[in-house]
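Colleague: What follows is a single structure, and I will ask about it in a moment.
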Amino acid sequence: MKVKIKSWIAVASWKWDVPEDEVCGICRVQFDGTCPNCRFPGDDCALLVGKCGHSFHMHCLLDWINTESSRGLCPMCRQKFEYVEQ
Ligand SMILES: [Zn+2]
Ligand SMILES: [Zn+2]
Ligand SMILES: [Zn+2]
């Protein structure tokens with residue numbers, strides 16, 4: 001599993017006018033920005049909201065789900081991750 005420590009530290013210092021938990025649980029980027037895999041807003045970086053209450057960028061979650069260790073679980077609470085249709 002790849003861990004992007006570098007970008008995590010970089011984005012953690014950003015101060016935007018949103019509550020602390022309005023960030024992706026995987027990359028820690030706010031949801032009004034794109035994930036680290038997307039360079040431009042509008043790169044079709046959708047938001048997935050899980051039934052467990054955790055939300056992630058679609059791309060971050062796909063990367064996570066594709067790792068063997070994920071076993072289809074939410075990376076935050078380790079419940080089976082099912083997203084809510086928006
Ligand atoms: Zn993300
Ligand atoms: Zn993305
Ligand atoms: Zn969860």
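The values are calculated or read from the model by the stated rules, or taken from the named source; none is laboratory data. Just so it is clear, the model here is predicted, and its values are computed rather than measured. Backbone-built Cβ (ideal geometry, glycine too); neighbour counts: all protein chains shown. Heads up: the accessible areas ignore ligands, DNA and RNA and are worked out on the full protein's heavy atoms, side chains in. Shrake-Rupley method; radii C 1.70, N 1.55, O 1.52, S 1.80 Å.
Colleague: Given the condition of a type outside the set (D, E, K, R), within 13 Å of ligand 3 (Cβ to nearest atom), open to solvent by 30 Å² or more (accessible area, probe 1.4 Å) and modelled with pLDDT of 90 or more, answer yes or no: does some residue in segment 12-25 qualify?
Modeller: Taking segment 12-25 and keeping what is of a type outside the set (D, E, K, R), we get 12-14, 16, 18-19, 23-25.
Adding the requirement that they be within 13 Å of ligand 3 (Cβ to nearest atom) leaves 24-25.
If we keep only those that are open to solvent by 30 Å² or more (accessible area, probe 1.4 Å) too, we end up with none.
The answer is no, given that none of the residues of segment 12-25 is of a type outside the set (D, E, K, R), within 13 Å of ligand 3 (Cβ to nearest atom), open to solvent by 30 Å² or more (accessible area, probe 1.4 Å) and modelled with pLDDT of 90 or more.
Colleague: Okay, moving on. Tally the residues that are within 8 Å of ligand 2 (Cβ to nearest atom) and in contact (Cβ under 8 Å) with a residue 40 or more places away in the chain, restricting the search to segment 32-63.
Modeller: The qualifying residues number 0.
Colleague: Find the residue count for segment 29-81, including only residues that are open to solvent by 90 Å² or more (accessible area, probe 1.4 Å), at pLDDT 90 or above and assigned to a loop (DSSP other than H, G, I, E, B). Can you show your working first?
Modeller: First, pick out the residues of segment 29-81 that are open to solvent by 90 Å² or more (accessible area, probe 1.4 Å): 32, 39-41, 44, 51, 66, 68, 71, 78-80.
Restricting the remaining residues to those that are at pLDDT 90 or above gives 51, 66, 68, 71, 78-80.
Now drop any that are not assigned to a loop (DSSP other than H, G, I, E, B), which leaves 51, 66, 71, 78-79.
So the count comes out to 5.
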